[in-house]
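The values are calculated or read from the model by the stated rules, or taken from the named source; none is laboratory data. Note that the structure is a prediction, hence the values are computed from the model and not measured. Positions of Cβ are backbone-derived with ideal geometry, glycine not excepted, and every protein chain shown enters the neighbour counts.
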Amino acid sequence: MISEVDYIKEVLTMASIGRVESIFRMLLNDEIEYNIHFVGEVEQKDLENLFSLQSDSEIYAIYIKCESKDLNISMIYFITHEEAKKLASILLQTNINNIDEFAISALIEVGNIFLVGAFANSISNITKRNIECSIPGFSNETLRTILQYASLEQYTDNGKILVLNEILRCKNSDITLNVIFLFNTTEIKNIVNSR
């Protein structure tokens, strides 16, 4: 039988191979490299240690909550200030020096397109669950604050959540997006066992 970790890794890899690649080609005219940086169960206190950024580093993050009757997923992508300016410049086709409301809107739309359009739809199709997603949220906070907020709904009695961190690198524009998926371990175990 496949483990919960292997199942999530397989589902999200399948999403990356197809839809995410085509989305980045369309939006940014860029090729992406992606790799799964981490997948496993962690406690909230250890979550921020998975990333190379300092936990008090200020980042830009887009957060989406997805749910069905028996599956809740927190999806986040985050980037540094400089990468946010580069990404917004490409999307808005103008040089962006400050992250203003137009840049924020563009960053949110990228999150909506690839987090919901690629990942959430793929997860829905593969797990055969009707998944509904929230409106994307935007935050300019520390990594620690964003991770604490996003992980609150995923904890179980054992105090752990299933985390998958995928890193997407745009080859030509040299932009790196950290994508984080947070799952409730009990819910994933039930889905794997029902296959």
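Scanning segment 128-137 for residues that are at pLDDT 90 or above and either among the polar types (S, T, N, Q) or in contact with a Leu (Cβ under 7 Å, 6 or more places away or on another chain) (or both) turns up just one, SER134.
Residues in segment 137-167 that are under 21 Å from ILE99 (Cα atoms) and of a type in the set (A, V, I, L, M): LEU143, ILE146. All but one of (1) surrounded by fewer than 20 Cβ atoms within 10 Å (Cβ to Cβ); (2) under 30 Å from GLU132 (Cβ atoms) hold for ASP100, so report the exception by its number. Exception for ASP100: condition (2). Pairs meeting the criteria (first residue in segment 116-139 and closer than 18 Å to GLU166 by Cβ and in contact (Cβ under 8 Å) with a residue 24 or more places away in the chain, second residue surrounded by fewer than 16 Cβ atoms within 10 Å (Cβ to Cβ) and among the hydrophobic types (A, V, I, L, M, F, W, C), beta carbons under 8 Å, at least 6 apart or on different chains) are SER122/MET14; ILE126/MET14. Among the residues of segment 20-49, those identified as under 14 Å from the mean Cα position of the chain (by Cα), within 18 Å of THR176 (Cα to Cα) and of a type outside the set (Ser, Thr, Tyr) are VAL20, ASN35, ILE36, HIS37, PHE38. Restricting segment 1-45 to residues that are surrounded by 14 or more Cβ atoms within 10 Å (Cβ to Cβ) and charged (D, E, K, R) leaves a set whose member that is farthest from LEU71 (Cα to Cα) is ASP30. Residues of segment 60-78 that are surrounded by 22 or more Cβ atoms within 10 Å (Cβ to Cβ) and either of a type in the set (Val, Ile, Thr) or out of contact with any strand residue (DSSP E or B) (no Cβ under 7 Å at 6 or more places or on another chain) (or both): ILE62, ILE64, ILE73, ILE76.
Scanning for something modelled with pLDDT of 90 or more and either over 18 Å from the mean Cα position of the chain (by Cα) or within 17 Å of LYS9 (Cβ to Cβ) (or both), does segment 102-117 turn up at least one residue? Scanning segment 102-117, I find at least one residue that is modelled with pLDDT of 90 or more and either over 18 Å from the mean Cα position of the chain (by Cα) or within 17 Å of LYS9 (Cβ to Cβ) (or both), so the answer is yes. Scanning segment 167-195 for residues that are touching a Phe, Trp or Tyr at 6+ places or on another chain (Cβ under 6 Å) and either more than 18 Å from ALA120 (Cβ to Cβ) or not polar (S, T, N, Q) (or both) returns LEU168, LEU177, VAL179, VAL192. Within segment 1-15, residues that are over 18 Å from ASN121 (Cβ atoms) reach partners that are at pLDDT 75 or above and of a type in the set (D, E, K, R) with beta carbons closer than 9 Å, at six or more positions or on different chains, in the pairs ILE2/GLU10; GLU4/GLU41; GLU4/LYS189; VAL5/GLU41. Do we have ASN95 as modelled with pLDDT of 95 or more and surrounded by fewer than 21 Cβ atoms within 10 Å (Cβ to Cβ) here? Yes; evaluated as a whole, the condition is true for this residue.
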